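Okay, structure first, notes after.
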Amino acid sequence: MSVQMAARLGRALRGKWPLPSLGVRSLHTPAFSSRGRAGSSVLLGAAVVAGLAAGFSRLQRAEMAASVSEEEEVARRCQTFMAAPVTPVQELQEKSRETRTSMELLIMETQAEVCRALERADGGATFTVDRWERSEGGGGISCVLQDGKVFEKAGVNVSVVHGYLSPEAIQQMKSRGKNLKTKDGKLPFSAMGVSSVIHPKNPHVPTIHFNYRYFEIEEADGTKQWWFGGGTDLTPTYLNKEDVLHFHQTLKGACDKHSPDFYPKFKKWCDDYFFIQHRGERRGVGGIFFDDLDSPSREALLQFVESCAKAVVPCYVPIVMKHKNDPFTPEEKQWQQLRRGRYVEFNLVYDRGTKFGLATPGSRIESILMSLPLTARWEYNHVPPPESREAEILGILREPKDWVH
């Protein structure tokens with residue numbers, strides 16, 4: 001066994017893993033720097049080697065190797081993020097087998113993957129990385145790109161928060177059928193997720209939204225409830241059937257890895273959820289949406305959510321690359337602004353995530369309202385000409401289609 005491996009085992013036994021300094025990263029600069037090995041670690045590692053030679057069982061050696069591997073894997077994944085995770089890396093290593101740890105690593109990876117893909121597609125602008133803390137517990141990392149060559153505004157946010165739910169949030173959950181037992185009106189919770197809305201400049205490039213989250217609640221009797229939620233949906237200004245088909249087929253492929261029932265169920269849920277009731281139209285051409293998923297198991301659902309998150313870039317970026325240089329007229333740009341007005345109406349009036357965020361004490365308003373576009377337009381009683389492309393997309397928004405069959 002090498003001296004380096006001995007040092008690793010020494011650190012594993014001490015329950016410590018020296019971590020490099022954590023900082024905000026740019027697109028091409030590693031976020032974390034490596035450090036030399038401490039002499040004391042080498043000495044302790046040598047002692048471990050002697051102990052192993054003296055009679056550690058094969059099982060003990062295997063357990064030690066597994067421990068080192070898990071710590072290394074967490075540290076390796078953290079090096080790829082846009083910033084240090086909200087939870088300290090050492091705590092993530094110590095709790096590497098917990099669902100909350102797996103979910104935090106997944107949402108941080110998703111944020112980084114999407115941000116890098118969007119920066120490449122834009123070809124000019126980069127994301128500003130804004131780290132924030134919540135005094136009631138936890139915090140988040142907001143990555144926002146504005147006034148790029150391709151994207152007018154793109155935000156990809158991560159939040160990892162905990163504390164007590166507000167009465168408004170508790171009531172919102174009870175309205176969804178959850179039976180929650182509070183103690184003195186309080187309900188401890190832990191929540192984490194990644195949320196993104198991307199508004200392109202070109203009206204022939206659609207807007208996309210995605211969100212994936214995990215929630216835990218501890219009731220007064222100590223019982224814990226947990227569930228996953230999320231989805232990905234597309235909002236085009238003009239209908240391009242090939243683009244919509246590609247988008248839905250990619251999401252269907254992610255769902256079908258786990259159950260043939262997922263895509264049709266969650267596609268309908270998406271059509272029903274993203275509905276602007278006072279307009280009688282959907283926000284876009286749909287996608288998938290789900291909430292309150294708590295079966296068959298946390299592990300199975302975590303794998304499903306991971307597949308959905310990994311599908312974001314392939315379902316969207318090819319559409320961006322296809323249309324980002326398309327010519328457009330002032331009239332087409334004006335129609336895009338009117339459609340953005342509808343987007344704002346849904347997010348402020350109906351969106352459950354926006355309502356929950358605004359009702360949660362200590363929430364960061366800038367991150368919650370990141371979903372709103374830089375520009376939008378409202379005209380009084382605007383009605384597009386019959387048989388126009390504007391009328392075509394309105395017809396789809398009023399009567400959702402089955403895009404993949």
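The values are calculated or read from the model by the stated rules, or taken from the named source; none is laboratory data. What you see is a predicted model, and the numbers here were worked out from it, not measured in a lab. Cβ atoms come from the backbone with ideal geometry, glycine included; neighbour counts cover every protein chain shown.
Among residues of the range 65-92 being part of a helix (DSSP H, G or I) and touching a helix residue (DSSP H, G or I) at 6+ places or on another chain (Cβ under 6 Å), the one that is modelled with the lowest pLDDT is Ser67. Scanning the range 138-162 for residues that are under 22 Å from Pro361 (Cβ atoms) and without any contact (Cβ under 8 Å) to a residue 40 or more places away in the chain yields a single hit, His162. Of all the residues in the range 117-152, those that are in a loop (DSSP other than H, G, I, E, B), on the phi < 0 side of the Ramachandran plot and of a type outside the set (Phe, Trp, Tyr) number 9.
How about the range 264-283: which of its residues are touching a residue at least 60 places away in the same chain (Cβ under 8 Å) and touching a helix residue (DSSP H, G or I) at 6+ places or on another chain (Cβ under 7 Å)? Across the range 264-283, the qualifying residues are Phe274, Ile276, Arg279, Gly280, Glu281, Arg282, Arg283. When Glu168 is tested against the conditions (1) surrounded by fewer than 21 Cβ atoms within 10 Å (Cβ to Cβ); (2) not in a helix (DSSP H, G or I), the lone failure is (2).
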